[in-house]
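Below is one structure, written out as structure tokens, with a few remarks after it.
The values are calculated or read from the model by the stated rules, or taken from the named source; none is laboratory data. This structure is a prediction, so every number in the text was calculated from the model and none was measured. Note: ideal-geometry Cβ built from the backbone for every residue, glycine included; neighbour counts use all protein chains shown.
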Amino acid sequence: DQQVKQNSPSLSVQEGRISILNCDYTNSMFDYFLWYKKYPAEGPTFLISISSIKDKNEDGRFTVFLNKSAKHLSLHIVPSQPGDSAVYFCAASAETGANNLFFGTGTRLTVIP
Amino acid sequence: KAGVTQTPRYLIKTRGQQVTLSCSPISGHRSVSWYQQTPGQGLQFLFEYFSETQRNKGNFPGRFSGRQFSNSRSEMNVSTLELGDSALYLCASSLLAGAHNEQFFGPGTRLTVL
């Protein structure tokens, strides 16, 4: 049973515009959420995270929004750049002491120059 | 500082065989986690080791096992391979245990079972 879902397998955006990647989760015990970016032939790299006590976290061009009541989070990239083209994974964790991350299936972002 | 390394990068096995994958964490990192990535399921947690002890285990059959050595290097073993075990196996290390500690992933081992 997929507890973290990314319903859009792919997204194409023009360079300079905003990219919005979405993620939904079902487990109300999740208290920590992360986004990872993955290039081909490389492992995922950490991008940004947010704790459940916050509803927004910003790091440069990347902002993550969390809507706990809707069990939904989104990653905004502004402005989008061709180098942002990658697969983005949403992940969530339910226990502070465990390293058990639940990942979504990923969204492939293509930024068109 | 060197990143997480995984060996081998590619592996082809046949059904019924067993396989051992290796992971060397970032120097100083004591936690190592393993994930299986398949196209339909995304990344799924296999297990986590910290200070040579398995701290957490995902929902995988007993054919999947692992261990961690005193230098924090880790190995995972899959016995009696099945076609469905074909996947990218990713290892991640972090300084401490716990999901709030940033995990650094290796490039993965691509296992193909024929």
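Things to note:
- Condition check for residue A:47: surrounded by 15 or more Cβ atoms within 10 Å (Cβ to Cβ), touching a residue at least 40 places away in the same chain (Cβ under 8 Å), under 17 Å from residue A:79 (Cα atoms) and within 11 Å of chain B (Cβ to nearest Cβ): yes
- Only one entry of A:24, A:55 meets the criterion of being more than 26 Å from residue B:104 (Cβ to Cβ), within 14 Å of chain B (Cβ to nearest Cβ), at pLDDT 95 or above and in contact with a strand residue (DSSP E or B) (Cβ under 8 Å, 6 or more places away or on another chain), and that entry is A:24.
- Unique match (being more than 23 Å from residue B:59 (Cβ to Cβ) and either surrounded by fewer than 13 Cβ atoms within 10 Å (Cβ to Cβ) or out of contact with any helix residue (DSSP H, G or I) (no Cβ under 9 Å at 6 or more places or on another chain) (or both)) among A:54, A:37, A:71: A:54
- When the stretch B:21-45 is filtered for residues that are out of contact with any Ser or Thr (no Cβ under 6 Å at 6 or more places or on another chain) and more than 10 Å from chain A (Cβ to nearest Cβ), the ones remaining, listed by number, are B:27, B:28, B:34, B:36.
- Qualifying residue in the stretch B:69-86 (condition: in contact with a helix residue (DSSP H, G or I) (Cβ under 7 Å, 6 or more places away or on another chain) and surrounded by 15 or more Cβ atoms within 10 Å (Cβ to Cβ)): yes
- Criterion: under 11 Å from the mean Cα position of the chain (by Cα), part of a strand (DSSP E or B) and among the hydroxyl-bearing types (Ser, Thr, Tyr) - qualifying residue of A:12, A:49: A:49
- Criterion applied to B:83, B:90 was being within 14 Å of chain A (Cβ to nearest Cβ) and out of contact with any Asp or Glu (no Cβ under 6 Å at 6 or more places or on another chain), and the one residue passing it is B:90.
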